[in-house]
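See below for the structure under consideration.
Each value in this text was obtained by applying a stated rule to the coordinates, not by laboratory testing. Only a predicted model underlies this, so the values are computations on that prediction, with no experimental measurement involved. Heads up, the Cβs are rebuilt from the backbone with ideal geometry, glycines too, and the neighbour counts pull from every protein chain shown.
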Amino acid sequence: MRLEAVGKRYGLRQPWVVRDVSLDVPPGRLIRLEGRNGSGKSTLLRLAAGVSMPSAGRVTGRPHTGYVPERFPGAFAFSARDYLMHMGRVHGLRGALVAARVDEWLDRLGAAGYAGAPLRSLSKGMCQKVAIAQALLPRPGLLVLDEAWTGLDQAARGALDAAVAERVADGGAVMFVDHEQARLAGRISERWQLDGTGRVSVAASGGTAGAAAPDSVAVIQLSGIDRESAERLEGLPGVLSSSAGAAGAAGTVTLRVAGRESDAVLRQLLSWDGVHVVAVSAG
């Protein structure tokens, strides 16, 4: 995807919130937007996601996109599951696939117990899980997250970290804003700095395609590991240790992987039937 001289202002006589931004968003990139409040981060994310049209310039090559807004309008009469089923169909999912994806993300984010509850009755944190689930349903080529971790419990934050790592490892691009400076540290490809005048500068964060720093260690937590897959874990490149032998087939397995190999390992794990990435963190 490319932003070509993109600008945004809310009225002809209003100041430019974003101005003359020409940047590429290649596949497999993890991009963090930074700047003070009001500097235009959310506006730029909306332009990238296609939910807001630029006042100048254009966005080309946008892949299928999942977007989590800063404020999710949760006052709907839908139940959480019905809303996600509807959004899955909007994303183009059909038949049994949409139901399977909905159940997968409700479970991974810890919201399965509230699937039948009306969205308007849910807490802010639970609504946030639904907002994240709808963006992840289609396994998008571009994932845009605006303060998506806010209001989540620790387990759900870990699940979202894992989902971001999966998207990048699978060749997707992820753009995000988060108030916690350490969020996804060591995995960020670029930092886009907004200075409040509408301009954007880019600072590389090291590594390629969102890979972790060469000397880092990634900790990957997995579920659904049977005896066969436990044996296969040891043969993956860069694996430093695995708890598969101690945890048994029914337990959660912790895998420690050399940072430079973590994306390759995640790609392998995503192709294994029945295996789920629960969380990814720095070791």
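Per-structure values
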{"read-out": "Single match in R167, R139 (criterion: basic (K, R), assigned to a helix (DSSP H, G or I), closer than 23 Å to G61 by Cα and within 10 Å of the chain's Cα centre (by Cα))", "value": "R167"}
{"read-out": "Where a residue in region 66-89 is on the phi < 0 side of the Ramachandran plot and its partner, wherever it lies, is hydroxyl-bearing (S, T, Y) and surrounded by 15 or more Cβ atoms within 10 Å (Cβ to Cβ), with Cβ under 6 Å and at least six apart", "value": "E70/S42; A80/Y114"}
{"read-out": "Residues of region 100-139 that turn out to be among the β-branched types (V, I, T) and either more than 15 Å from G158 (Cα to Cα) or in contact with a Lys or Arg (Cβ under 9 Å, 6 or more places away or on another chain) (or both), as a count", "value": "2"}
{"read-out": "Hey, S55 surrounded by 19 or more Cβ atoms within 10 Å (Cβ to Cβ) and among the polar types (S, T, N, Q) or not", "value": "no"}
{"read-out": "Pair list, Cβ < 6 Å and 6+ apart or interchain, from region 15-39 residues that are in contact (Cβ under 8 Å) with a residue 12 or more places away in the chain to residues that are of a type in the set (S, T, N, Q) and not in a strand (DSSP E or B)", "value": "V17/T43; V18/T43; R29/S189; L30/S189"}
{"read-out": "Selection status of R120, crowded, with 17+ Cβ neighbours inside 10 Å and touching a residue at least 24 places away in the same chain (Cβ under 8 Å)", "value": "no"}
{"read-out": "Odd one out for L145 among (1) crowded, with 22+ Cβ neighbours inside 10 Å; (2) part of a loop (DSSP other than H, G, I, E, B)", "value": "(2)"}
